[in-house]
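Values quoted throughout were computed directly from the atomic coordinates according to the rules given, and no laboratory measurement underlies them. Keep in mind the model is a prediction, meaning the values are calculated, not measured. Note that we place each Cβ from the backbone using ideal geometry, even for glycine, and neighbour counts take in every protein chain shown.
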Amino acid sequence: MRNCLKGGKLIRKKLSIVDTHAHLDMAPFNKDRVEVMARARDSGVSAIITVGIDLGSSEQAVKLAESYRGVFASAGFHPHNVTGVDEPDITRLTQITEHSRVVAIGEVGLDFYRDYSPREAQLRVLKRQLALASELDLPVIVHCRWAERDLVPLLRDWGSDDKRSPKQPPGVIHCFSGDSDTAQQYLKAGFFLSLGAYIGYPSSASLRGVIRCIPGDRLLVETDCPYLPPQGRRGQRNEPAYLLSTVELLAEIRGASVEQLARETTENARYLFRLPED
Ligand SMILES: [Zn+2]
């Protein structure tokens, strides 16, 4: 709910926002998951995509999507977890994605900052998961750190793959924090760009100009919880209920109303992930 004054009268408007990237299966939520979900609802979060990072967490994501209204799952191998991933693992991943609550493949991508997995494995498993997304006609949720030079051409080629349904946009770059040139390249390849509370960190000041240039029909919001809490809560656990503060920040940066940003990002999320109306 959001309060606003109209003709001196206090009107309560219901906002609907979508957290397109959360990790609800992770241990920091084990003690109070039910309360976390209730607070999300109370804060206007009408849908949450909980994102897998390996087979176990993808299975957990599906279980959560079965258990909670408004929760959907994404299944995939995060670049940190691709060492040794082989074809039987991909077969298992494919089985997980057959569930009707799975709306995307991810998170997939490249992380050449941490380099927890060898780069050769990261590239191999990313390509394999992109091929799987084509086969299943699902969008991808992409993680990228210090790897744009390899990732952009790969996604561009894949995004224009004519085996994919032209009606299905290719996916989203989650926690986008690149420069405007990188943003343009992703946008040209058909991708959405998702932003989180980190846009309010002092270190993200240079991102403001880029944020103003993203078309309203390509923007998504996310928490990436339990990580990346809002500036005022740094050091604490993040959760979906804090998503509205990111929408408010975006509205301020783009010079638009919170209602408009909420409406646009929610429509975009429902379109990209083909989420059913509640
Ligand atoms: Zn994530």
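Note down the net charge around Gly196, summing +1 for each Lys or Arg and -1 for each Asp or Glu among other residues with Cβ under 12 Å from its Cβ. Within the 12 Å Cβ shell, the charges total -3.
Exposed loop sites were defined as GluC sites (Glu not before Pro) in DSSP loop states (anything but H, G, I, E or B) carrying at most 12 other C-beta atoms within 10 Å; in the chain the longest segment without such a site runs 99-276. For the chain, the longest principal axis of the C-alpha atoms and the axis of helix 87-97 are separated by about 30°.
Restricting to DSSP H runs of at least four residues, report the calculated mean residue ellipticity at 222 nm for the chain, -39500 (n - 2.57) per run over all residues, nearest 500 deg cm²/dmol. Could the numbers behind the result be given before it?
On the way: 9 runs with 107 residues, N = 278.
Here the helix-only value at 222 nm equals -12000 deg cm²/dmol.
Here is the tail figure for the stretch 70-200: Cα pairs spaced more than 24 Å apart come to 24 percent of all pairs. Each residue of the stretch 123-131 is assigned a 3J(HN,Hα), and the resulting list reads 5, 4, 6, 4, 4, 5, 6, 5, 4 Hz, derived from the Karplus form 6.51 cos²θ - 1.76 cosθ + 1.60 (θ = phi - 60°), x at Gly and Pro. In the structure shown, the pairs Lys63/Lys127; Lys127/Lys167; Lys14/Lys188; Lys31/Lys188; Lys31/Lys127 are assessed against 31 Å; a Cα-Cα span above that value is assigned to Lys14/Lys188; Lys31/Lys188; Lys31/Lys127.
The alpha carbons of the chain occupy a box of 63, 41, 38 Å along the principal axes, longest dimension given first. Label-to-label distance for Leu136 and Ser16 is 2.6 nm, based on points extended 7 Å past Cα in the beta-carbon direction. Compared with the dominant Cα axis of the chain, that is its longest principal axis, helix 33-42 is turned about 50°.
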